[in-house]
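What follows is one structure encoded as structure tokens, with my remarks underneath.
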Amino acid sequence: MTHLRDKRVLITGSGHGLGRELAKTFAKAGCEVIVTDRDADRVHDTVGMLTKSNHRAFGYAMDVTNPESVLDVHDHVLSEHGPIDILINNAGIVCGGTFENLPLERHKAIYDVNCLGPVNVTHTLLPELLTRPESHIVNIASASALLPLPFAATYASSKWAVLGFSESLREELRLTGHEHVRVTSVCPGYISTGMFAGVKTPFLMPMLTPQILADEIVRAVQSNCEIVRTPWQVKFLPLLNGVVPRRILRWLGDKLGVLDSMSAYHNIAEQPRLAKEPLPRLAPESVPAVLSE
């Protein structure tokens, strides 16, 4: 069991959305929060919100895609506040559209922020985390790290990379005698932060609120949980991927509205032209037993 009181936590992309909610939730748990975001105004607003509630919080503008920016913030945090105990790699971006219609620059930007961002920040802060008696890394992946996500191919693959990075780093730390540095992967469904405005949530799958997810992540750190899959439907994905034939998985993905969920996404490069009309959603009484338990 990890105790959070007086731990110092650095959260990337915490000027808004889930990151801001994580800052609030960790602060309520007794942590000193280091707010970082590429947008300096958002950093200022989040730190002001926390300090007005009598929480300990400080902030820095930081671009996770720029190793020099990350190193500069690390040096300031270390000299002005001390070493961190918990790192939350939350910063991420998404763009939607058919792969060929999305400019190559956007594909690259997704990988820069979602893949290289956690690598840049973790590489800079890990030596410090290794020296702490009890430390933790949380990487925000996605349910799309466990299944295909058409019309967001680079976003989904970037989250596959985050999940693979998390799982591999955890085992490396164990094998090198650094098990005190815990690693948690977070694979949530769609979150109601505005980042996924317009998506069609799959059948029976709720849109997660940032508050609920932030609470789950804090509990995962406290209990040293290795992976968070939420909502409950996401928990079945590894089992389904392992035992169900691909053609059946594809049929389920169509029927449940998983595979075309990004087709109506608001921030899409060009509305995709589907080869066929989306299949109608299942009625509740016809949901396969494996998903309705």
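The values are calculated or read from the model by the stated rules, or taken from the named source; none is laboratory data. As the structure is a computational prediction, the values presented were derived from the model and not from experiment. Backbone-built Cβ (ideal geometry, glycine too); neighbour counts: all protein chains shown.
If you check Pro127 against the conditions, is it under 30 Å from Lys7 (Cβ atoms), assigned to a loop (DSSP other than H, G, I, E, B), out of contact with any Asp or Glu (no Cβ under 7 Å at 6 or more places or on another chain) and free of Cβ contacts under 8 Å to residues at least 60 places away in the same chain?
no
Residues Ile86, Ile110: which one is touching a His at 6+ places or on another chain (Cβ under 6 Å), surrounded by 18 or more Cβ atoms within 10 Å (Cβ to Cβ) and within 22 Å of Asn66 (Cα to Cα)?
Details: Ile110 fails: touching a His at 6+ places or on another chain (Cβ under 6 Å).
Among Ile86, Ile110, only Ile86 is touching a His at 6+ places or on another chain (Cβ under 6 Å), surrounded by 18 or more Cβ atoms within 10 Å (Cβ to Cβ) and within 22 Å of Asn66 (Cα to Cα).
Arg132 passes all but one of (1) over 23 Å from Ser261 (Cβ atoms); (2) of a type in the set (D, E, K, R); (3) surrounded by 21 or more Cβ atoms within 10 Å (Cβ to Cβ); which number fails?
Arg132 satisfies every listed condition except (3).
Within the stretch 191-229, track down each residue that is at pLDDT 95 or above and assigned to a loop (DSSP other than H, G, I, E, B).
Thr209, Ser223, Asn224, Cys225, Glu226
Do you know which of the residues in the stretch 86-114 that are closer than 21 Å to Gly15 by Cβ and assigned to a loop (DSSP other than H, G, I, E, B) is farthest from the chain's Cα centre (by Cα)?
In this case the residue turns out to be Cys95.
State all residues of the stretch 215-260 that are within 15 Å of Ser144 (Cβ to Cβ) and small (Gly, Ala, Ser); if no residue qualifies, say none.
Gly253, Gly257
Please enumerate the residues belonging to the stretch 186-209 that are over 20 Å from Val258 (Cβ atoms) and buried (at least 20 other Cβ atoms within 10 Å of the Cβ).
none
Could you tell me which of the residues Gly30, Gly59 is surrounded by fewer than 20 Cβ atoms within 10 Å (Cβ to Cβ), among the small types (Gly, Ala, Ser) and over 20 Å from the mean Cα position of the chain (by Cα)?
Working: Gly59 fails: surrounded by fewer than 20 Cβ atoms within 10 Å (Cβ to Cβ).
Matching residue, one of Gly30, Gly59: Gly30.
Of everything in the stretch 1-27 that's at pLDDT 95 or above and among the polar types (S, T, N, Q), which residue is surrounded by the most Cβ atoms within 10 Å (Cβ to Cβ)?
Taking the candidates together, the pick is Ser14.
More than 15 Å from Asn90 (Cα to Cα) and under 13 Å from the mean Cα position of the chain (by Cα): does that describe Leu208?
Against the criterion (more than 15 Å from Asn90 (Cα to Cα) and under 13 Å from the mean Cα position of the chain (by Cα)), Leu208 qualifies.
Tell me, which residue of the stretch 226-249 that is under 19 Å from the mean Cα position of the chain (by Cα) and crowded, with 16+ Cβ neighbours inside 10 Å is nearest to Phe165 (Cα to Cα)?
Here the answer is Ile227.
Against the conditions (1) over 30 Å from Gly198 (Cβ atoms); (2) of a type in the set (Lys, Arg); (3) surrounded by 17 or more Cβ atoms within 10 Å (Cβ to Cβ), where does Arg42 fall short? Just the number, please.
(1)
What are the pairs, 6+ residues apart or on separate chains, where a residue within the stretch 148-161 that is more than 18 Å from Leu249 (Cβ to Cβ) has its Cβ under 9 Å from a residue that is of a type in the set (Lys, Arg)?
Thr154/Arg106; Thr154/Lys108
Ser168 is checked against (1) in contact with a Ser or Thr (Cβ under 8 Å, 6 or more places away or on another chain); (2) part of a helix (DSSP H, G or I); (3) among the small types (Gly, Ala, Ser) and fails just one. What number does that condition carry?
Condition (1) is where Ser168 drops out.
Among the residues of the stretch 184-200, which ones are in contact (Cβ under 8 Å) with a residue 40 or more places away in the chain, over 11 Å from Ala143 (Cβ atoms) and out of contact with any helix residue (DSSP H, G or I) (no Cβ under 6 Å at 6 or more places or on another chain)?
Of everything in the stretch 184-200, those that are in contact (Cβ under 8 Å) with a residue 40 or more places away in the chain, over 11 Å from Ala143 (Cβ atoms) and out of contact with any helix residue (DSSP H, G or I) (no Cβ under 6 Å at 6 or more places or on another chain) turn out to be Gly194, Met195, Phe196, Ala197, Gly198, Val199, Lys200.
Considering only the stretch 144-151, I want to know if a residue exists there that is over 13 Å from the mean Cα position of the chain (by Cα) and surrounded by fewer than 16 Cβ atoms within 10 Å (Cβ to Cβ).
yes
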